[in-house]
Amino acid sequence: MTKSSEAEQARRVNLTLSLLQQRASSSEVLEELIARYGLSGRQAYRYLQQAQQATSPLPVPEAKAVFTVKLPRSLMLKVRQQARRQRCSISLWVERALRLELDHTKGHG
């Protein structure tokens, strides 16, 4: 079985939260999750726990796509080092850097 995306996980927690708010019992919610998504009992229970701890629906992250760019090797090494220092993935580091730059230049062009 493949791992669910962050967006899919958020949707599943939100469905679980919705079922709980409809006054469904925990066992009914688990049965629904197992039937709907083909989950193991253990995984369905994890979604149930997350929903019980949530105070409101989780935001569903935007879908991501691959975006390939060519960079000088020296810049590539610096990006990898920065990501490692900040203990995040290269993708996350680059996403943050691009968002900062785009937000900074929003009103300047």
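A few notes on this one:
- Filtering the stretch 6-43 to residues that are of a type in the set (Ser, Thr, Tyr) and either in a helix (DSSP H, G or I) or touching a residue at least 12 places away in the same chain (Cβ under 8 Å) (or both) leaves Thr16, Ser18, Ser26, Ser27, Tyr37.
- With respect to being loosely packed, with under 15 Cβ neighbours inside 10 Å and in contact with a helix residue (DSSP H, G or I) (Cβ under 8 Å, 6 or more places away or on another chain), Pro72 falls outside the description.
Conditions tested, residue by residue: (1) loosely packed, with under 13 Cβ neighbours inside 10 Å; (2) among the hydrophobic types (A, V, I, L, M, F, W, C).
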| position | (1), (2) |
| --- | --- |
| Thr2 | yes, no |
| Ala7 | no, yes |
| Leu17 | no, yes |
| Leu20 | no, yes |
| Ile34 | no, yes |
| Tyr47 | no, no |
| Gln53 | yes, no |
| Leu58 | no, yes |
| Ala63 | yes, yes |
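Read-outs: derived from the displayed coordinates by stated rules, not from any lab. Quick caveat: nothing in here was measured; it's all calculated off a predicted structure. Because the Cβ atoms are built from the backbone with ideal geometry, glycine has one as well, and the counts that use them run over all protein chains shown.
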